[in-house]
Amino acid sequence: MTLSKVDLNLTAVKRLIPVRDEDAYKNLFGHVLIIAGNHAMGGAAQLATMATINSGAGLTTIATDSANLPAIHTVLPEAMIIDWTDVFAIKKMIEKVDILLVGPGFGMDNLDLWKLIKTTIASSKRSLKIILDADALNLLAADLAEDEDKKIHELLSPDNQHAIILTPHQGEWHRLTAGKVQADDQESIQNWVDQAGAILVLKGSSTEIYVPNESVSYRNPGGNPGMATGGMGDTLAGMIAGLAGQLNKTADAVKLAVFLHSYIGDQLYEDHYVVLPSQISKQIPYAMKEISKKEI
């Protein structure tokens, strides 16, 4: 299969922004569960949650270390919160929500929780949209290294009922593929994605999106050096989670999130030497309204 590449652009993305009916209510726009933020990286959980909420998720629940609960209650009153040591609550919530985001600030030593997440989603009878980011990708890479014959969908979605989205940067990609697939080898990346059964958001100076069994990959031409700061990936992952419950096609939610992320970042960079992830999140509702009104 010959793989072609398409650049994301404003015209294509404008068509993806959902139009809300007059009688719309929160349950139409997805319930997101974010499992993120150990005691040292509560900011990652906050940034991901902020992005999810501002992207328009109907309901957002954050499961995090108890050390983060007071801050999240203060900064993000729109989010519901559970202590991630509550095993029963975690299992119940995974079986209830539409979208699951795991990984920002998760930590590499949280193995019991990681195992619980994997077994719960693998046995779930509901269809979830699952975004794995940051440490969840590193833990997944360790699982794959233990059994090289295992595929990602076999670990997480044995019946192929879940939509899986992976959001690695270059280092995480190297670990996921055990260094066997180079980040500039598009044909090999697409083959890996087809076998994994997962949408890939390969982050870099020009982020690229690969969708299983498609003959087209998508390149995002936006972005700038001011966005090279901690928490930017947490924000993108939260945006994907927030939009995933609002669009029928998971790949469309990914494309919209990736484009919006850099589009807002580029606007801010015109007047800011450094672009902060929290600044991007605050601008998401404005950017979506602006683009939806544009005459293109």
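The values are calculated or read from the model by the stated rules, or taken from the named source; none is laboratory data. This is a predicted model, so every value here is computed, not measured. Neighbour counts are summed over all protein chains in view; Cβ atoms, including those assigned to glycine, are modelled from backbone coordinates with ideal geometry. Areas reflect the complete protein model, heavy atoms only, side chains present, ligands, DNA and RNA absent. Shrake-Rupley method; radii C 1.70, N 1.55, O 1.52, S 1.80 Å.
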Within region 215-296, which chymotrypsin sites (Phe, Trp or Tyr not before Pro) sit in a loop by DSSP and count at most 12 neighbouring Cβ atoms inside 10 Å?
Tyr273
Enumerate the calculated ³J(HN,Hα) couplings along region 49-64 in order (Karplus 6.51 cos²θ - 1.76 cosθ + 1.60, θ = phi - 60°), each rounded to whole Hz, writing x wherever the residue is Gly or Pro.
5, 4, 5, 4, 5, 6, 7, x, 4, x, 9, 9, 10, 10, 9, 8
Using amide H atoms built 1.01 Å from N in the peptide plane, name the residues 5+ places from Ile82, or on other chains, whose amide H lies under 5 Å from its own.
Ile62, Ala63, Thr64
5 angstrom amide H check on Ser217, placed H, neighbours 5+ away:
Ser4, Lys5, Val6
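Restricting to DSSP loop positions (anything but H, G, I, E, B) with no more than 13 other Cβ atoms inside 10 Å of their own Cβ, which GluC sites (Glu not before Pro) remain in region 139-244? Can you show the working numbers first?
Details: sites: Glu146, Glu148, Glu154, Glu172, Glu187, Glu208, Glu214; in loops: Glu148, Glu214.
Here the sparse-neighbourhood loop sites are Glu148.
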Count the DSSP beta bridges whose two residues both fall in the chain, then state the antiparallel fraction as a percent rounded to the nearest 5.
15
When only DSSP loop residues count, what chymotrypsin sites (Phe, Trp or Tyr not before Pro) in region 1-101 have their Cβ near at most 12 other Cβ atoms within 10 Å?
Tyr25
Selected from Asp65, Asp234, Asp112 as most flexible by GNM, with the chain as the system and alpha-carbon contacts under 10 Å:
Asp112
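What is the local net charge at Trp84, summed over the other residues whose Cβ is closer than 12 Å to its Cβ (Lys, Arg +1; Asp, Glu -1)?
Details: positive: Lys91; negative: Asp65, Asp83, Asp86, Asp112.
Computed value for this residue: -3.
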Step through the residues of region 73-89 one at a time and calculate ³J(HN,Hα) from phi using the Karplus curve (6.51 cos²θ - 1.76 cosθ + 1.60, θ = phi - 60°), rounding each to whole Hz and writing x for Gly and Pro.
4, 6, 7, 10, x, 6, 8, 8, 9, 9, 6, 6, 7, 7, 4, 4, 5
Can you work out ³J(HN,Hα) from phi for every residue in region 2-11, in order, using Karplus 6.51 cos²θ - 1.76 cosθ + 1.60 and θ = phi - 60°, giving whole Hz and x for Gly and Pro?
7, 9, 9, 10, 10, 7, 5, 8, 4, 4
Can you give me the Cα centroid spacing of region 188-231 and region 24-73 in angstrom?
24
Would you list, by chain and number, the aspartates and glutamates whose Cα falls below 18 Å from the Cα of Lys14, excluding same-chain residues fewer than 8 positions away?
Asp252, Asp266, Glu290, Glu295
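Pop out the carbon and sulfur fraction of the accessible area of region 65-156 as a percent, whole number, probe 1.4 Å. All intermediate terms of the calculation are to be shown ahead of the outcome.
Details: 2320 of 4420 Å².
Of all accessible area on region 65-156, carbon and sulfur atoms account for 52 percent.
Test of understanding: what is the full-extension gain from Ile296 to Ala89, defined as 0.36 nm times their sequence separation minus their Cα-Cα distance? Could you put the intermediate results ahead of the total?
On the way: separation 207, 0.36 × 207 = 74.52 nm, distance 4.66 nm.
Gain on extension, Ile296 to Ala89, equals 69.9 nm.
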